[in-house]
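These notes concern the structure reproduced below.
The values are calculated or read from the model by the stated rules, or taken from the named source; none is laboratory data. These numbers come from a predicted model, not from an experiment. Cβ: placed from backbone, ideal geometry, glycine included. Neighbour counts: every protein chain shown. Side chains included, ligands, DNA and RNA excluded: accessible areas come from the protein's heavy atoms. Shrake-Rupley method; radii C 1.70, N 1.55, O 1.52, S 1.80 Å.
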Amino acid sequence: MEPIYLDHNATTPVDPAVVEAMLPFLSECYGNASSVHSFGRDAKVALERARETIAGVINCEPSELYFTSGGTESDNIAVLGTAYRYRNKKKHLVVGATEHHAVIEPAEHLHHNEGLALDFLPVDSDGFAAPDRLAELVTDQTALVSVMHGNNETGALQDIAALTAVTHERGVLFHTDAVQSIGKVAVDVKTLGVDLLSLTGHKIYGPKGTGALFIRQSVKIAPLFYGGAHEKKRRPGTENVAGAVGLAKALEIAEQRREPDFTRLSELADYFIDKVTAAIPDSFLNSPRTRRIPPTINFSFPGAEGESIILSLDLKGIAASSGSACTSGATEPSHVLTAMGIPPERGQAAVRFSMGRTTTREQMDYVLEILPPIIERLRAMSPTYRQSRA
Amino acid sequence: MSGGVDSSVAALLLKEHGYNVVGAHMKLWDYAEVGADVYRDGRCCSLDAVNDCRAVCDAIDAPFYVLNLSRQFRREVIDNFVSEYKAGRTPNPCIRCNTNVKWQPFLQKAREIGCDFIATGHYARIELGDTGRNLICKGVDETRDQSYFLWGLTQDALSRTLMPLGGLHKSEVREIARRHGLKTSEKKESREICFVADDDYHRFLREWDAKHDVPARPGDIVEESGRVMGRHDGAAYYTIGQRHGLGISHPTPLYVLDIDAANNRVVVGDDASLYRDEMVVENVNWIATAPPSRLPRRSDTSVSSPRHDASKLVSRASRDDEKAESRAGLPETCRSDDFRHPGPTNTPHLEPDYPCHPERSRRQACSSRYARGSLEATVKIRYQHSPANARLTVLTDNSVRVTFDERQRAITPGQSAVFYDDDILLGGGVIK
């Protein structure tokens, strides 16, 4: 049997239409988009067309969109670039407690090595941040607030508009990491009210190594790279035209099928969640039932260690993950689950299934066949689990 | 899999014999923690070692996982290493790792993911004794025998362990690796303790103390009479038999005889004083026999164990022409993708003359040699030591007095003593 891929939050296969769209820019239209001559101009036109397409998807001006190498780079530019730009006047950052490491680590670097104060915006047991708590943390010294739109581990969707209402009132900049949400739910920078937004290609059936950063018109940032005038000097480096074209195509396709995909995957997710809950006693759903990116399903099975579940599934041809892809191999529960107040015994027993376009009910039925015996076996071997049951 | 040629070939052989092999590398420590050169390649747990394991698993088409056991390793091995030295003893961390990490949380993890056995590249053999106990026997390559490191294993652990290299010589193992184009075939041997790269234990202990704000405790170096000969910068940094690093000029060579941790003194003397003929061994783990108190006592000591037929073992593992034949006889169960819940009786049904089959031959255990509370055996007091004839007198289930026929040099508290009956490992413990 073909292995079943349920780790779409880690990455996705590139859509064949995207591959097709990219290929000419690797072989025929290969010019450097900054070159004066015809080769350059052709490449430049394609680049700008791609920019327009993406700007249309997120409802911003093309001039507000900058191409990067992906979500991590976009997050770093947003956090470090803003902090460095305003460092003489503003020395405070607020970052969501459940952010991806690509936001947390630059923020911690600024805190430990550049003397900025750092506060984490707490979340409730579903993983949602409250506007009132944000209002308490924000000061006139705050350079940036960064809260992700959709969480990579649980799929929880923040009410970004409610949070930006708070920051607008106080004249504070707001960045959101939309890496997981883009193409799966509506992402409109005006509705969300954000000043900066990160997105990536490889979670939405586009190529790895591509991404973009939205920076609203009047917002200033310090660049992280030096070496050319590309992207208005905000991100020098010869443009990855093929990548940008691929990113644009991927987002275009995603927008077209976003609503039917959302409906289908919501139904499939509900089916799976209900079946797992019925089949496996003592199971906890860490993802919120509503206000979530539907294909992301995070469960805890106390008594079974997350890593052991994942490896057991892998040996049965099912690919899932525990914690985020970047933190495997440790027995620490993830900071996301910990921030939600989930106790360690549950946090260490967490598994994330993230479905995608090719996920079928048959595949999920196979998982439903394989998963419960694995949990049972692990629980039977666990001395502590047996004790607590007795 | 350590990234070395031995574990690579072990994995390869098992795969060839129809086992569903899963390669696993234990991540045991962090560079930052043990103070090492990040760019030193090849050493176990370095990035190069992980890449080598991954490459071999790719070559043999086996899944590969890195398992993080650094917390357990720190607690069971590194902390013990430091505290033993501080108590004036010389620890053996490889044995602690085997007993408390590899054959505990690592074995547990293997079982959790559905594996029936763990396998290692040790030069040692696991066989079944006539009493039904699992036996550890020396590897046939006497210069490489690693049975010494395995005395702490339990019967349950042994019933779940395969050691495919025990019947091979090192040169054969390298040849197998070369023939299969494994990138680890020419890899240099690593003999040092894995977490002390440069083999400089004293550097490690000094840095550990500095990192944990433990002040240096200088003291006296004395002769047995008590006469002060010099100063040391920490009794923990010395080991029995050590000659260099004493900083004393003396007409004849001086050696460390004893580390008096209580009084923070290092006792030195001449070479002759290093020789003793008796020692007590504690924390004894009996392998070939049940603990002495549970053995029936017999008055005759006449029976000896039959010679093990090594040729069958060697022939299976190293002759390609027989391979095709051997695979044909493979029962369906060991080719299946299903892992069964493991248990001592639930072993895959393989042909009895496979190198790793636990039923392959039943050795006569030496319980018949046990008589009048004492036992004759050959005893190793450290890895690099020729087993010496001795009589073991059982003091309790877990402690033994060992009396050597001839005096042995530098019997060192904290080191492991292992008792053998010919090539069968009877048991082992820690020298008091």
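Stick to the Cα atoms of the range A:125-167, pair each with every other, and give me the Kirkwood hydrodynamic radius in Å at one decimal. Mind dumping the intermediate values first?
Details: mean 1/r = 0.0897 Å⁻¹.
That comes to 11.1 Å for the range A:125-167.
Seen from every direction in turn and averaged, the convex hull around the alpha carbons of chain A projects onto 20.0 nm². To the nearest 20 Debye, how big is the dipole of the range A:237-390 about its Cα centre, given +1 on the beta carbon of each Lys and Arg and -1 on that of each Asp and Glu? It works out to roughly 240 debye. Measuring against 18 Å, Cα to Cα, the residue pairs A:LYS44/A:LYS249; A:LYS44/A:LYS233; B:LYS138/B:LYS170; A:LYS184/A:LYS220; A:LYS184/A:LYS249 contain A:LYS184/A:LYS220 as the ones spanning a longer distance. Helix-only arithmetic for chain A: the sum of -39500 (n - 2.57) across DSSP H runs with n ≥ 4, divided by the residue total, places the mean residue ellipticity at 222 nm at -12500 deg cm²/dmol.
Peptides B:254-267, B:10-23 ordered by packing proxy, namely the average of other Cβ atoms within 10 Å per residue, highest first: B:10-23, B:254-267. In terms of the mean number of neighbouring beta-carbon atoms within 10 Å, the peptides B:177-184, A:347-354, A:206-213, B:206-213 order highest first as A:347-354, A:206-213, B:177-184, B:206-213. In order along the range B:187-192, the phi-based Karplus estimate (6.51 cos²θ - 1.76 cosθ + 1.60, θ = phi - 60°) of 3J(HN,Hα) comes to 5, 5, 5, 10, 9, 7 Hz; Gly and Pro are listed as x.
Please sort by residue number the trypsin sites (Lys or Arg not before Pro) in the range A:54-159 whose DSSP state is loop and whose Cβ has at most 16 other Cβ atoms within 10 Å.
Sites meeting the loop and neighbour criteria: A:ARG87, A:LYS89.
Averaging Cα coordinates gives a centre for the range B:144-165 and one for the range B:224-253; these two points are 38 Å apart. Cross-link reach is defined here as a Cα-Cα straight distance under 21 Å, omitting same-chain residues fewer than 8 places apart; for A:LYS316 the lysines meeting it are A:LYS275, B:LYS15, B:LYS109. Shape class for the range A:191-256, computed from the alpha carbon gyration tensor (a ≥ b ≥ c): oblate, with a/c not under 1.5 and a/b at or below b/c. The accessible-area ordering, largest first, of the residues A:PHE284, A:PHE174 stands as A:PHE284, A:PHE174, per a 1.4 angstrom probe. Taking a ≥ b ≥ c as the square roots of the eigenvalues of the Cα gyration tensor, the range A:1-82 is classed as oblate, since a/c reaches at least 1.5 and a/b does not exceed b/c. Per-residue Karplus couplings for the range A:86-100, computed as 6.51 cos²θ - 1.76 cosθ + 1.60 with θ equal to phi - 60°, are listed in order as 9, 4, 6, 10, 10, 10, 9, 10, 10, 10, x, 6, 10, 5, 5 Hz, Gly and Pro entered as x.
When you filter the GluC sites (Glu not before Pro) in the range A:10-85 for DSSP loop state and at most 11 other Cβ atoms inside 10 Å of their Cβ, you are left with A:GLU28. Seen against the Cα atoms of chain A and their longest principal axis, helix A:101-114 is set at about 70 degrees.
Over the range B:99-221, the pair-distance histogram of Cα-Cα distances with 10 Å bins from zero comes to 11, 28, 31, 19, 10, 2 percent, rounded to whole numbers. For chain A, a Gaussian network of Cα nodes joined below 10 Å ranks A:THR200, A:THR191, A:THR82 by mean-square fluctuation, and the top entry is A:THR191. Overall form of the range A:1-160: oblate. Here a/c, set by the Cα gyration tensor axes a ≥ b ≥ c, is 1.5 or more, and a/b is not larger than b/c. If you bin all the Cα-Cα distances of the protein assembly as shown at 20 Å, starting from zero, the percentages per bin are 13, 36, 32, 16, 2, 0.
Considering every residue in B:61-70, what mean count of other chain Cβ atoms within 10 Å of its Cβ is obtained?
3
Provide a whole-number value for the mean count of partner chain Cβ atoms within 10 Å of the Cβ atoms in peptide B:104-112. All intermediate terms of the calculation are to be shown ahead of the outcome.
Numbers: counts 0, 0, 0, 0, 5, 4, 2, 4, 12.
So the per-residue partner count for this stretch is 3.
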